[in-house]
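The values are calculated or read from the model by the stated rules, or taken from the named source; none is laboratory data. Being a predicted model, the structure only gives us computed values, none of them experimental. Glycine also receives a Cβ, built like all others from the backbone with ideal geometry; neighbour counts cover every protein chain displayed.
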Amino acid sequence: MAGLLLAAGAGRRLGGRPKALLEHRGRPLIEHAARALRDGGCVPRYVVLGAAAEDVRARAELPGCVLVDNPDWATGMGSSLRAGLAALASTDATAVLVTLVDQPRVGAAAVARLLAAHRAGATLAAATYHGERGHPVLFAREHWAGVTRSAEGDRGARAYLRRHAAAVALVECADVADPADIDTPADLSLLDT
């Protein structure tokens, strides 16, 4: 079961500071997100880069990760999701778990819960927090083509999951994770915990 980390954004609302390179516990945020995929059980692990890709390559230590460039990163998360799924198409992964670089309180425990849901038979799964759907999300391989077709702008797979809501296994993760994300300067305090 593959892990796919979307880390291409430029952090426009953060004054152009790419989220992947924000410092968290002394290291770039992208390293923590990649470690959560590893520790949660994802193999292989793919990371989609875009804004500041060369800086990320130079500064971040991402052992065991395949780095995928998204030249269309400025069009939104949908293009990163498409780029990651295209790169994973040549692997033998039966499913992919997708997570976002800007959620520092979503760790290995949430990843492991979604992978367990897939092992139990779920072909679509999403973490929930007190009943509200969030990330990470998981798609079995048979859904990749549909997700790819529907991923556009900053919506990623939202429309696809909505259309297939009855098939989505909802995995409560509020006891092990917090979906708060870093979008604005006020959110930078999340990096201090």
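Got a number for residues in region 137-185 being free of Cβ contacts under 8 Å to residues at least 24 places away in the same chain, among the hydrophobic types (A, V, I, L, M, F, W, C) and touching a helix residue (DSSP H, G or I) at 6+ places or on another chain (Cβ under 9 Å)?
Count: 2.
Does any residue in region 21-42 that is without any contact (Cβ under 8 Å) to a residue 60 or more places away in the chain come within less than 7 Å, Cβ to Cβ, of a residue that is assigned to a strand (DSSP E or B) and of a type in the set (Val, Ile, Thr) six or more places away or on a different chain, and which pairs are these?
Matching pairs, first to second residue: 34/47.
Take residue 153 and tell me if it is farther than 17 Å from residue 44 by Cβ, touching a Gly at 6+ places or on another chain (Cβ under 7 Å) and not polar (S, T, N, Q).
Here the answer is yes, as residue 153 does meet what is asked.
May I ask you to say which residue of 98, 47 is closer than 22 Å to residue 157 by Cβ and touching a Pro at 6+ places or on another chain (Cβ under 8 Å)?
One residue alone meets the criteria, 98.
Conditions tested, residue by residue: (1) small (Gly, Ala, Ser); (2) in contact with an Asp or Glu (Cβ under 6 Å, 6 or more places away or on another chain).
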residue	(1), (2)
45	no, no
50	yes, no
57	no, no
64	yes, no
72	no, no
79	yes, yes
93	yes, no
106	no, no
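Just wondering, is there one or more residues in region 123-131 that are closer than 19 Å to residue 158 by Cα, surrounded by fewer than 21 Cβ atoms within 10 Å (Cβ to Cβ), at pLDDT below 95 and of a type outside the set (D, E, K, R)?
Within region 123-131 (the criterion being closer than 19 Å to residue 158 by Cα, surrounded by fewer than 21 Cβ atoms within 10 Å (Cβ to Cβ), at pLDDT below 95 and of a type outside the set (D, E, K, R)), the answer is yes, since at least one residue qualifies.
Condition first: among the hydrophobic types (A, V, I, L, M, F, W, C) and in contact with an Asp or Glu (Cβ under 6 Å, 6 or more places away or on another chain). Now tell me which residues in region 110-148 satisfy that.
none
Among the residues of region 27-60, how many are outside any helix (DSSP H, G or I) and in contact with a strand residue (DSSP E or B) (Cβ under 8 Å, 6 or more places away or on another chain)?
Total satisfying the criteria: 10.
Out of all the residues in region 31-70, which are surrounded by fewer than 21 Cβ atoms within 10 Å (Cβ to Cβ), out of contact with any Gly (no Cβ under 7 Å at 6 or more places or on another chain) and farther than 18 Å from residue 21 by Cα?
The answer is 39, 41, 43, 44, 64.
Do you know which of the residues in region 179-193 that are of a type outside the set (A, V, I, L, M, F, W, C) and at pLDDT 85 or above is surrounded by the most Cβ atoms within 10 Å (Cβ to Cβ)?
179
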